[in-house]
Amino acid sequence: MTQMTRVDLRAQQERASAPDRVPAGSRHVVADVLGDLGGLSGLPASPQASAQLGRRDLRDLREDLLVG
């Protein structure tokens with residue numbers, strides 16, 4: 001049977017105020033997009049910087065899901 005993975009994109013404060021209920025046997029992966037950027041002030045300054053950041057985040061998420 002394939003293991004289900006739940007990816008939580010919410011910020012730390014959101015997760016603390018309303019924790020997820022992850023089904024037994026599932027993996028829980030946190031991908032705090034805004035937290036990783038340092039909040040809204042850390043958003044990329046250009047489309048090129050955004051694309052580069054997106055590629056890095058996708059690579060990191062892929063590694064988290066594959067390596068676990």
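What follows is calculated from the coordinates using simple rules that are stated; it is not laboratory data. This is a predicted model, so every value here is computed, not measured. Here Cβ is always computed from backbone atoms with ideal geometry, including for glycine, and neighbour counts include all displayed protein chains.
The table that follows gives values for the structure above.
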| item | result |
| --- | --- |
| Mean Cβ neighbour count within 10 Å, used as a protection proxy, ranking 19-31, 3-15 highest first | 3-15, 19-31 |
| Placed amide H near Val30: partners under 5 Å, 5+ positions off or other chain | Asp8 |
